[in-house]
Amino acid sequence: MPPCSERGPDLYQYVSHLHIAVSGFIAATGIAVLFLSWFGVRREPLWAWAGAVAAPVVGLAVALPAHYPWGFDTIGHLGLIYLATGIFVVGAVLALKALLEARS
């Protein structure tokens, strides 16, 4: 199958715009998690932790399954996402543990 740019400039522009839009949403989610963590979770309300965890989980739950039917589930394509998800889970669990200990 030829690359997008050879199949038509309209398709190429459409795919390019999707990449830019998704990147913007990923960056926005990162900023939201940063502020929820820094100014919310550190002050110990459980809702801030829930929001900081839910935002990236929803994004991952929507985006990740779309990679499998098309064969984009390789370590080369998703490896850093898998690594970041592991780090995120460890951080979320440690933060929740500290939150629950502080509340009791």
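Each reported figure results from applying straightforward, stated rules to the coordinates on display, with no laboratory input. It should be emphasised that the depicted structure is a prediction, and the values quoted were computed from it without experimental measurement. Here the Cβ is made from the backbone with ideal geometry for all residues, glycine too, and neighbour counts use every protein chain on show.
Points to keep in mind about this one:
- Sites Leu64 and Leu96 - FRET efficiency at Förster radius 22 Å, r taken between beta-carbons, to 0.05: 0.50
- Cα pair distances in the chain, grouped into 5 Å bins until the bin that holds the longest one, percent each: 2, 10, 16, 19, 16, 12, 9, 6, 4, 3, 1, 1, 0
- The modelled label-to-label distance between Glu44 and Ser23, using points 7 Å beyond Cα along the C-beta direction, is 4.2 nm.
- Compared with the dominant Cα axis of the chain, that is its longest principal axis, helix 75-103 is turned about 20°.
- Across the chain, the relative contact order, built from alpha-carbon pairs under 8 Å that are at least six residues apart, equals 24 percent.
- Qualifying chymotrypsin sites (Phe, Trp or Tyr not before Pro) in the stretch 41-97, where qualification requires a DSSP coil assignment and no more than 16 other C-beta atoms within 10 Å, comprise Trp70, Phe72.
- Taking the inverse of the mean reciprocal distance over all distinct Cα pairs, the Kirkwood hydrodynamic radius of the stretch 23-79 comes to 12.6 Å.
- Simple Cβ-charge dipole of the chain, Lys/Arg +1 and Asp/Glu -1, about Cα centre, in debye nearest 20: 380 debye
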